[in-house]
Amino acid sequence: MQPTHRSSRILLPVKLWFVVLSLFVALGLEYIPTGRLPGLPGWVALVLAFWCVREPLRIGMGTGFVLGLLVDVGLGAAMGQHALAYVVLAYSANRLARRVLWFPPWQQAVHVLPLLLLSQALMMGVRLLAGAEFPGWSYFLSSFSAAVLWTPLSFLLLLPQYQPVERDDNRPI
């Protein structure tokens, strides 16, 4: 069996402004009124999980809490439901970050899927405790669509780090 060719190129460090911009774009996508279409991914949860895996020292539970409150306010949800789910998601993604990064992006999606399902289950639990009705099993389709989008999202969000660097013949790397 032939080994697959993997790039040996080192990624440039991510710029913090790009991380913040991508999180705000995800927040804007979350605010788009789509009604109750099943299968639309939770954009903030997906991008938050991505950056918690890629940058666990910069993005964590505090970021998840603030983004969760912003989503709660923007969507008119029960205050704290997204905040709780995103804090648990950020904590879990930070804990698994070193393991997940060993795998290619399509296998990373398999590792992240249970985290996304857990965050949705927490949000649904808060809604049920508040007296809402069970939304049906199609509610969990958005976690699966987010897992499918993990690979293209990884490519898109890592693209700025692949910018060419000037070559120095005196440096071996």
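At a glance:
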{"quantity": "Ordering of 112-119, 57-64, 16-23, 42-49 by packing [mean C-beta count within 10 Å, highest first]", "calculated": "42-49, 112-119, 57-64, 16-23"}
{"quantity": "Nearest-20 debye value, the chain charge dipole, Cβ charges on Lys, Arg, Asp, Glu", "calculated": "380 debye"}
{"quantity": "Under 12 Å, Cβ to Cβ, from Val53 - net charge with Lys/Arg +1 and Asp/Glu -1", "calculated": "+4"}
{"quantity": "Net charge of Cβ neighbours under 13 Å - reference Asn94; Lys, Arg +1; Asp, Glu -1", "calculated": "+4"}
{"quantity": "P(r) histogram, all alpha-carbon pairs of region 74-173 included - 5 Å bins from 0, percent", "calculated": "2, 11, 15, 19, 16, 12, 9, 6, 3, 3, 2, 1, 1, 0"}
{"quantity": "Structure-derived Rg and Dmax of the Cα atoms in Å: which label, when the choices are [x] 17.7, 67; [y] 14.9, 41; [z] 16.8, 60", "calculated": "[x]"}
{"quantity": "Within region 59-110, chymotrypsin sites (Phe, Trp or Tyr not before Pro) in DSSP loop having at most 10 other beta-carbon neighbours inside 10 Å", "calculated": "Trp102"}
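Any read-out appearing in this document is the output of simple, stated calculations on the displayed coordinates, not a laboratory observation. Since we're looking at a predicted model, the values are computed, not measured. Counting neighbours? That spans all protein chains shown, and the Cβs are built from the backbone with ideal geometry, glycine included.
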